[in-house]
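Some notes on the structure that comes next.
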Amino acid sequence: MPTAQYEVIVLDEAFDGSTLENNTLLKALQGMLMLTRRSIFVALLGSQFTTGDHMMAFAKSVNVVINPNDMGSISTILKHFIAEDKKFFSALIECFHEAGMGT
């Protein structure tokens with residue numbers, strides 16, 4: 001499991017020679033505690049994905065999926081989905097903090 005805290009991770013499905021099914025870094029991210037995981041924005045790159053497919057992102061426990069064909073627009077895509085993510089999860093994160101479950 002990663003020991004450093006990152007705000008944004010862009011992970012290729014084939015990272016370190018793996019496949020999507022056996023990607024150990026993705027599995028480690030998926031297994032994190034919810035509060036910790038929600039403080040990290042994870043974008044998953046994969047040729048079988050349609051960029052921005054919310055249901056696929058949910059199924060893979062990431063914030064956004066991106067097709068590599070859209071890499072020319074990666075900055076715009078990330079800005080859009082990071083802003084959307086912050087808006088969506090801000091109430092949840094606030095509740096965690098109020099309950100003393102966060103810093």
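Which members of the stretch 33-61 meet the condition of being open to solvent by 50 Å² or more (accessible area, probe 1.4 Å) and in a loop (DSSP other than H, G, I, E, B)?
LEU33, SER39, SER47, GLN48, THR50, ASP53, LYS60, SER61
Name the residue that is nearest to ILE82 (Cα to Cα), counting only residues in the stretch 8-27 that are open to solvent by 60 Å² or more (accessible area, probe 1.4 Å) and at pLDDT 90 or above. Lay out the reasoning, then the answer.
Of the stretch 8-27, the ones open to solvent by 60 Å² or more (accessible area, probe 1.4 Å) are 8, 10, 12, 15-17, 19, 21-22, 24, 27.
Adding the requirement that they be at pLDDT 90 or above leaves 8, 10, 12, 15, 24, 27.
Details: VAL8: 9, VAL10: 12, ASP12: 18, PHE15: 22, THR24: 24, LYS27: 21 Å.
Among them, the one singled out is VAL8.
Checking GLN30 against (1) closer than 18 Å to ASP85 by Cα; (2) open to solvent by less than 70 Å² (accessible area, probe 1.4 Å), only one condition comes out false. Which one?
Going through the list (1) closer than 18 Å to ASP85 by Cα; (2) open to solvent by less than 70 Å² (accessible area, probe 1.4 Å), GLN30 breaks only (2).
The values are calculated or read from the model by the stated rules, or taken from the named source; none is laboratory data. Every value quoted in this text rests on a predicted model; they were computed, and no experiment measured them. Protein only, heavy atoms only, side chains kept; ligands, DNA and RNA dropped before computing areas. Shrake-Rupley method; radii C 1.70, N 1.55, O 1.52, S 1.80 Å.
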